[in-house]
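What follows draws every value from the coordinates through simple rules; no lab data is involved. None of these values were measured; they are calculated from a predicted model. Positions of Cβ are generated from backbone atoms using ideal geometry, with glycine treated the same way; all protein chains shown enter the neighbour counts.
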Amino acid sequence: MPTKGGFGVLSDDERKQPPPSTPGGQISPRQMKMKEITTELPMCISDDDSVSELLLSHEDFLLDQLNNLDAVLEADSVLSPNMTRSERFVRYSEVMQERINDARAPAAKKALGALKDFVMSRE
């Protein structure tokens, strides 16, 4: 299953799938960056300060496709170019809640929840 706009890959089903790629067969830079963040996040999830530091260090990246209505969206994005900023945040929240509900591991649920809460606090 694709990363759906690069919001993270933490669910068990998504981990079993081959990595998403661009039409040329390459993983996009956005997907690589999101994978890096979602790999680091569960490792520091028990330390609130570390979670905050990690998310703050990637704040511009995490919010770019939500705040920048001219941002280039990948083919598998859950966002569409005609969405307003408000609509993008609503859609992000819906998708993240689905991923939280689908995650089996408590650490994954907590990590996804921290990511969602951080992003939504910037709405």
Q | Protection proxy ranking of 99-111, 67-79 - average other beta-carbon atoms within 10 Å, highest first | A | 99-111, 67-79
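Report, in debye and to the nearest 20, how large the dipole of segment 44-115 comes out about its Cα centre when Lys and Arg carry +1 and Asp and Glu carry -1 on their Cβ.
On the way: 7 positive and 14 negative charges, 70 e Å.
The calculation lands at about 340 debye.
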